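Q: Could you have a look at this structure, given as structure tokens, before my questions?
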Amino acid sequence: MIRHLLTALLCLFAAPLFAYVDISPIEIGEHPGTSGSLALSLSNQRGNTEKTEIGLDLDLRYDSNASYAIWALGGYNYTDTLGAQIENKGFAHLRYLYKISDPFYAEAYIQTESNKLREIENRSLAGAGVRYRFYDDRTYGRIYFGMGLLYERLRFSNPEIDPDEYNTRFSGYLHYSKNFSNKTEINAYLFYQPKIDAWEDYTVHSIAELQTPIFENFYLLLRLINNYDSTPPKNNDVKTYDVAQKVSLMWKF
């Protein structure tokens, strides 16, 4: 175990990486016990390029192999160049899954996050809902549908322009997952979260990724991220969308 950990750290520090969190859906009984993944990045450039990048993401899962699973994940990403922040955000998420009757699951979760560049000092939320796996084919993969409600508190960097918000939102999502015999995996999900009393105020979060093994428990990941907020903070003219493409190295344990 120690030898694998040292090898992982050496490989992760060998080159600049984008930090990453595994989004593979949990199916109780498929991977009993504790498992997880770690992605770590550190880049420091001086001279013609003045740039610092730091990233850390951790994913921990416990599968009871009976009726429930617990999923904790979190991360922090920071980038600056010439003293100007390009990225400064972090989050932590804890989710509890309970198998009602396969393929129905109940979910409950809490989350806290910040995103300085989007003027979000803190977003804290708690939610619950159900998940249904309505398509399951060994050749073509699995498709999940989830829905529920969440309650959020939003604190912005400039409360005089953007006062605190307390919102109840509907949360619905679709998730596609496909595993191949060589451990390559495809994941894609789409979250839609409108306010229940103002449906024109909504957020959309989507991710599409490919992860493929390169050596033992190390994986190469290609990821496309697209987030949209219909009513972003007014301060500093924050844009409605964020798009990112990332290439990562991840160690699974």
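The values are calculated or read from the model by the stated rules, or taken from the named source; none is laboratory data. What you are looking at is a predicted structure, and each value in this text was computed from that prediction instead of being measured. All Cβ positions, even for glycine, are placed from backbone atoms using ideal geometry, and neighbour counts span all protein chains on display. Surface accessibility is based on the protein's heavy atoms, side chains included, excluding ligands, DNA and RNA. Shrake-Rupley method; radii C 1.70, N 1.55, O 1.52, S 1.80 Å.
Q: Can you give me the relative contact order of the chain as a percent, contacts being Cα pairs under 8 Å and 6 or more apart?
A: 13 percent
Q: Counting heavy atoms of the protein chains only and a 1.4 Å probe, report the per residue accessible area for the chain as a whole number of Å².
A: Ligands and nucleic acids excluded, the result is 54 Å² per residue.
Q: Which listed residue (100, 127, 157) has the Cα farthest towards the positive end of the charge dipole for the range 62-166, taking +1 on Lys and Arg C-beta and -1 on Asp and Glu C-beta about the Cα centre?
A: Going by the charge dipole, the pick is 100.
Q: In addition: With each label point set 7 Å from Cα along the Cα-Cβ vector, what nm distance links residue 85 and residue 200?
A: My value for the distance between the label points is 3.1 nm.
Q: Roughly how big is the range 170-253's charge dipole about its Cα centre, with Cβ charges of +1 (Lys, Arg) and -1 (Asp, Glu), in debye to the nearest 20?
A: 320 debye
Q: Would you count, across the chain, every pair of lysines whose alpha carbons are under 23 angstrom apart, provided the pair is eight or more residues apart or spans two chains?
A: 18
Q: Scan (1) 1, 6, 13, 15, 17, 14, 12, 9, 6, 4, 2, 1, 0, 0; (2) 1, 6, 11, 14, 13, 11, 10, 8, 7, 6, 5, 4, 3, 1, 0, 0; (3) 1, 6, 11, 16, 18, 17, 13, 10, 5, 2, 0, 0 for the value of P(r) over Cα pairs in 5 Å bins from 0, in percent calculated from this model and give just the label.
A: Given (1) 1, 6, 13, 15, 17, 14, 12, 9, 6, 4, 2, 1, 0, 0; (2) 1, 6, 11, 14, 13, 11, 10, 8, 7, 6, 5, 4, 3, 1, 0, 0; (3) 1, 6, 11, 16, 18, 17, 13, 10, 5, 2, 0, 0, the structure-derived one carries the label (3).
Q: Tell me, in nm to one decimal, what length is gained between residue 236 and residue 106 on full extension, where the rule is 0.36 nm per residue of separation less the Cα-Cα distance?
A: Answer, rounded to one decimal: 42.8 nm.
Q: Looking at the chain as a GNM with Cα springs under 10 Å, which of 240, 49, 203 has the largest mean-square fluctuation?
A: 49
Q: Now, a different point. Give me the percent relative contact order of the range 111-253, please, defined on Cα pairs under 8 angstrom at least 6 residues apart. It would help to have the intermediate numbers written out before the result.
A: Numbers: 342 pairs, mean separation 22.6, N = 143.
For the range 111-253, the relative contact order is 16 percent.
Q: I would also like to ask the following. Compute a Gaussian network model of the chain, connecting alpha carbons closer than 10 Å, and tell me which residue from 223, 46, 133 fluctuates the most.
A: 46
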